[in-house]
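Before any comments, here is the structure.
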Amino acid sequence: MYQQAFESFLKNTDEKKIFLEVLTAYIKEKNCKSILDIGAGNGDLSIPLSKLVDTYLAIEPIQEQADILRQNNVPVVQDFFPCNIDQNFDTVLCSHSTPGKPEKFIPFINKAFELCKPDGNLLIITYNDSEKTWNTMLEKCSLEWPGFHNDRLALLREFLNKNFNNIVETEIITHISSPSYNEFIHALAFVYTDGKHSDEDFVNSKLVQQYITENHYVDGVYSFPFFHYMFSIKKPL
Ligand SMILES: C[S@@+](CC[C@H](N)C(=O)[O-])C[C@H]1O[C@@H](n2cnc3c(N)ncnc32)[C@H](O)[C@@H]1O
């Protein structure tokens, strides 16, 4: 993990705040009392979320993240999903944790749906990485994206529409913003590299700087929108 990029990302994105607002409203609307959070992450979202329901269980394979959750009294199964869980939940949440390729996401989603109570909901949140502003920037700056999975969202949507009923799809928009180009570009670089690669080429690209300044700099602030999709799938009674 490239720590500086991750820290810049966390500091300059409104993602956790927006998702917490969206999920709080969702929990209230569905009168949800129990959540299984698959891929719970570093706690920024999952710790406040765990306080909103009577029963909350996190699944998180990474030791460091699981430790943070435990230190905050959040129950954790430290494993890769699909794994054995012997409880059912009002909401099974997969927020930015479903695998990108069908051979992996199909067993993952089928098992997650099994773990919803009747009349409960499977909630999948994923990032739209193949359309709109992000892709336009990559094209205009002639950049290959190391994290790109061709047709990922289209394949997921096709699978869900073929195999499930009662799907509600909602778009969620978040932003990375900063008045400092240096802060902003490191935060954006975290998305570009997914924290797994060196970000030097991206951060130092004059083409990217020119593109960002012309298209995403308004009133002294650099700001870049990201489009996410939330699929809510109701399990019949
Ligand atoms: C991008 S983070 C999302 C964290 C949080 N859910 C959020 O939306 O802010 C993805 C998380 O999923 C976890 N993850 C990846 N593959 C997983 C799997 N097969 N089963 C469970 N968790 C997984 C990762 O360790 C990571 O913490």
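The numbers here are math on the coordinates, done by the rules we state, and not lab data. Only a predicted model underlies this, so the values are computations on that prediction, with no experimental measurement involved. Neighbour counts run over all protein chains shown; Cβ positions are idealised from the backbone, glycine included.
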Within segment 153-169, can you find the residues that are touching a strand residue (DSSP E or B) at 6+ places or on another chain (Cβ under 7 Å) and hydrophobic (A, V, I, L, M, F, W, C)? Leu153, Leu156, Leu160, Phe164, Ile167, Val168
Criterion (among the β-branched types (Val, Ile, Thr), more than 9 Å from the ligand (Cβ to nearest atom) and buried (at least 16 other Cβ atoms within 10 Å of the Cβ)) met by exactly one of Thr91, Thr55, Thr24, Thr98: Thr91
How many residues are part of a helix (DSSP H, G or I), under 26 Å from Asn110 (Cβ atoms) and acidic (Asp, Glu) when one looks only at segment 53-89? 0
List every residue pair whose Cβ atoms lie under 7 Å apart, where the two residues are 6 or more positions apart in sequence or sit on different chains, the first residue falls within segment 98-113 and is within 9 Å of Leu156 (Cα to Cα), and the second residue, located anywhere, is basic (Lys, Arg) and part of a helix (DSSP H, G or I). Gly100/Arg152
Lone unmet requirement of (1) touching a strand residue (DSSP E or B) at 6+ places or on another chain (Cβ under 7 Å); (2) more than 14 Å from the ligand (Cβ to nearest atom); (3) farther than 30 Å from Leu207 by Cβ for Asn128: (3)
Every pair of residues 6+ apart whose Cβ atoms lie under 6 Å, when the first sits in segment 28-44 and is farther than 12 Å from Asp119 by Cβ while the second is in a loop (DSSP other than H, G, I, E, B) and within 9 Å of the ligand (Cβ to nearest atom): Ile38/Phe81; Ile38/Ser97; Gly39/Ser97; Ala40/Glu60
Can you name the residue in segment 27-52 that is part of a helix (DSSP H, G or I) and near the ligand (Cβ under 10 Å from one of its atoms) and, of all such residues, is farthest from Phe80 (Cα to Cα)? Leu49
